[in-house]
Amino acid sequence: MRLTGKVAIITGGANGIGLAACERFAEEGAHVIMADYDETAGKEQEARFTEKGLNVTFVQVDVVDRTSVEQLVRKAIQHHEKIDILINNAGITRDATLVKMEPADFQRVLDVNLTGVFNCTQAVVPHMIANESGKIINTSSVSGIYGNFGQTNYAATKAAIVGMTKTWAKEFGRKGINVNAVAPGFTATAMVSKMPDKVLDQMKFSTSLQRLGKPRDIANAYLFLASDDADYVHGHVLHVDGGIMM
Ligand SMILES: NC(=O)c1ccc[n+]([C@@H]2O[C@H](COP(=O)([O-])OP(=O)(O)OC[C@H]3O[C@@H](n4cnc5c(N)ncnc54)[C@H](O)[C@@H]3O)[C@@H](O)[C@H]2O)c1
């Protein structure tokens, strides 16, 4: 078991990649706090994990709302007295070409994907500094690395995640906190399933492996970076994309 006794907050944990990460981390012995806006899925999944004997607790949070994030962190500290791992995984899309993009959709994606990561990290990091240890993993995307048609807002946030990750690596390295990012390729979750079959096929065949990622593929990368195996990996952006050629 690679995470025995570790306390992990996974935002956006009730669906998709975050859900796979909750399962994977709990299988490896972590106490997982599944932090998500989606109460229905969160409660359902918490019950499923409890049945399987996995230690996953759902806490409803809106990462955009600082009070909600502070409550999440307070609950985690009350129950576990520490936070070892923060996976900043919650994210949304509101796709349109630049010409058609509504300013509200531009702003909403910035609020969730960027300000949400800022809010969660700023609330958690003092507890990691006090412990002189911690692992922060942010979620970028191939869209942030290469750009992507119809994703002005999303690509901007995911590129910014790279900059924040490298900055926090510089700020927190000396405090014993590792900061890294994962840049997933196109992964089979609700986020991608909204897309037409033709686009999904294009995504598949743009990878050297000729397939979409599975949520567990990305969860395994989070797990590596959250584990002691990655103690000397710092300020890195791990591409987990099947060898994409965009
Ligand atoms: N699926 C992909 O192809 C892909 C590719 C690259 C990067 N990513 C990134 O991976 C992460 C997970 O994506 P996914 O595909 O699993 O998405 P998903 O839509 O399946 O899950 C996202 C989760 O985030 C939660 N969420 C949304 N807004 C929130 C908020 N304000 N507060 C708290 N929780 C909130 C949702 O309720 C949901 O449970 C995202 O950051 C996404 O940008 C996904």
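The values are calculated or read from the model by the stated rules, or taken from the named source; none is laboratory data. On a predicted model such as this, the values are computed, not experimentally measured, just so you know. Every residue, glycine as well, gets a Cβ built from its backbone with ideal geometry; the counts of neighbours run over all protein chains shown. When the accessible area is computed, the model is the full protein with side chains, heavy atoms only, and any ligands, DNA or RNA have been set aside. Shrake-Rupley method; radii C 1.70, N 1.55, O 1.52, S 1.80 Å.
Against the test of being surrounded by 18 or more Cβ atoms within 10 Å (Cβ to Cβ), under 14 Å from the mean Cα position of the chain (by Cα) and of a type in the set (Gly, Ala, Ser), the options Gly213, Gly116, Gly134 yield a single qualifying residue, Gly116.
Determine whether the stretch 124-143 contains at least one residue that is part of a helix (DSSP H, G or I), in contact (Cβ under 8 Å) with a residue 24 or more places away in the chain and among the small types (Gly, Ala, Ser). Talk me through it step by step, then tell me what you get.
Filtering the stretch 124-143 for residues part of a helix (DSSP H, G or I) gives 124-131, 142-143.
From the residues that got through so far, the ones that are in contact (Cβ under 8 Å) with a residue 24 or more places away in the chain too are 124-125, 127-129, 131, 142.
Checking the rest, the ones that are also among the small types (Gly, Ala, Ser) come to none.
No - not one qualifying residue is present in the stretch 124-143.
Take Pro184 and decide whether it is open to solvent by 30 Å² or more (accessible area, probe 1.4 Å), within 10 Å of the ligand (Cβ to nearest atom) and of a type outside the set (S, T, N, Q). No; evaluated as a whole, the condition is false for this residue.
Taking every residue in the stretch 25-54 that is open to solvent by 60 Å² or more (accessible area, probe 1.4 Å) and pairing it with any residue that is acidic (Asp, Glu) and within 12 Å of the ligand (Cβ to nearest atom), at least 6 positions away or on another chain, the pairs with Cβ-Cβ distances below 7 Å are Tyr37/Asp62. Any residue in the stretch 164-176 that is hydroxyl-bearing (Ser, Thr, Tyr), part of a helix (DSSP H, G or I) and either touching a helix residue (DSSP H, G or I) at 6+ places or on another chain (Cβ under 9 Å) or more than 14 Å from the ligand (Cβ to nearest atom) (or both)? Among the residues of the stretch 164-176, at least one is hydroxyl-bearing (Ser, Thr, Tyr), part of a helix (DSSP H, G or I) and either touching a helix residue (DSSP H, G or I) at 6+ places or on another chain (Cβ under 9 Å) or more than 14 Å from the ligand (Cβ to nearest atom) (or both), which makes the answer yes. The set of residues from the stretch 58-92 being open to solvent by less than 60 Å² (accessible area, probe 1.4 Å) and in a strand (DSSP E or B) comprises Phe58, Val59, Ile85, Leu86, Ile87, Asn88. Checking each residue in the stretch 12-22 for being near the ligand (Cβ under 6 Å from one of its atoms) and open to solvent by less than 10 Å² (accessible area, probe 1.4 Å) picks out Ala14, Gly18.
Among the criteria (1) over 23 Å from Phe25 (Cα atoms); (2) more than 10 Å from the ligand (Cβ to nearest atom); (3) in contact (Cβ under 8 Å) with a residue 40 or more places away in the chain; (4) not in a helix (DSSP H, G or I), the one Ala156 does not fulfil is (4).
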